[in-house]
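The block underneath contains the structure these notes are about, expressed in structure tokens.
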Amino acid sequence: MMRRGFLTGLTATGFEGVNRLSRSSRRMASGQSSAQPVRDDAGTLPRASSPGVLRGEMLYRPLGRTGVEVSAIGMGGFHLGKPGLEEGEAIRLIQAGVDRGITFLDNAWDYNDGQSELRMGKALSQGGYRNKIFLMTKVDGRTRESAARQIESSLERLKTDHIDLLQHHEVIRFEDPDRIFDEGGPMEAFLEAQKAGEIRFIGFTGHKDPHVHLYMLDVAA
């Protein structure tokens, strides 16, 4: 049931790209030149399923299978919490980005010891900005208890009663998918929060090996 729930809520924006990366790596391993453009199985260059809709200065596209439309350009949260940037300036940047059409905001529980979420929460709590955006953050707890604590902490920092997309962060090791879905793992906390209305959609991120990402999907299925 946990795995079916994960697949139902999962945003699938980059999964086909992962498959193509995997095929590309096999070509490189077999000695084929990596200078050639990577083509899909039909022999045509991969293209976005939809170019999107231009409104004002921003292009908007559907986010995977969520049924939600978001800006093609998002705002990352990591740099907004760095010590060299004053809090007031970070808040101004967030609000100015939303004013110019950005609706997808990224963050994570552990960015800059929580400062990134705290600053984003302050920015979104003013002037109705929270209602204008799709809010994503990530937690890296690998037990039910640690993930539940991080979820509640993120909700408090972001000054919101729900997170639009919560992701399992840094799925970079082959043991990560099994830990996430094992009994007592963080997926249980995600599903509980989703049932309580604190999360809309569930996903995962990874930055290392696409084979690990594919294994995550296999375990989920």
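The values are calculated or read from the model by the stated rules, or taken from the named source; none is laboratory data. Just so it is clear, the structure is predicted and the values come from calculations on it, not from any experiment. All Cβ positions, even for glycine, are placed from backbone atoms using ideal geometry, and neighbour counts span all protein chains on display. Ligands, DNA and RNA are excluded from the accessible area calculation, which covers all protein heavy atoms including side chains. Shrake-Rupley method; radii C 1.70, N 1.55, O 1.52, S 1.80 Å.
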Item to complete: Would you confirm whether any residue within the range 85-107 is touching a strand residue (DSSP E or B) at 6+ places or on another chain (Cβ under 8 Å), among the acidic types (Asp, Glu), assigned to a loop (DSSP other than H, G, I, E, B) and within 24 Å of Phe201 (Cα to Cα)?
Response: yes
Item to complete: Please specify each residue of the range 200-213 satisfying the condition of being open to solvent by less than 50 Å² (accessible area, probe 1.4 Å) and part of a strand (DSSP E or B).
Response: Phe201, Ile202, Gly203, Phe204
Worksheet item: How about the range 194-218: which of its residues are under 17 Å from the mean Cα position of the chain (by Cα) and charged (D, E, K, R)?
Response: Glu198, Arg200, Lys208, Asp209
Practice prompt. Could you check, for the range 102-109, whether at least one of its residues is without any contact (Cβ under 8 Å) to a residue 40 or more places away in the chain and either within 27 Å of Gly64 (Cα to Cα) or touching a Phe, Trp or Tyr at 6+ places or on another chain (Cβ under 7 Å) (or both)?
Written response: yes
Response to the item:
Those residues of the range 122-149 which are crowded, with 23+ Cβ neighbours inside 10 Å and assigned to a helix (DSSP H, G or I) amount to Ala123, Leu124, Ala147
Worksheet item: Could you list, in sequence order, the residues of the range 162-199 that are more than 13 Å from Arg142 (Cα to Cα) and surrounded by fewer than 17 Cβ atoms within 10 Å (Cβ to Cβ)?
Response: His162, Phe174, Glu192, Lys195, Ala196, Gly197
Worksheet item: On the given criteria, is Glu156 out of contact with any strand residue (DSSP E or B) (no Cβ under 6 Å at 6 or more places or on another chain), assigned to a helix (DSSP H, G or I), among the charged types (D, E, K, R) and surrounded by fewer than 16 Cβ atoms within 10 Å (Cβ to Cβ)?
Response: yes
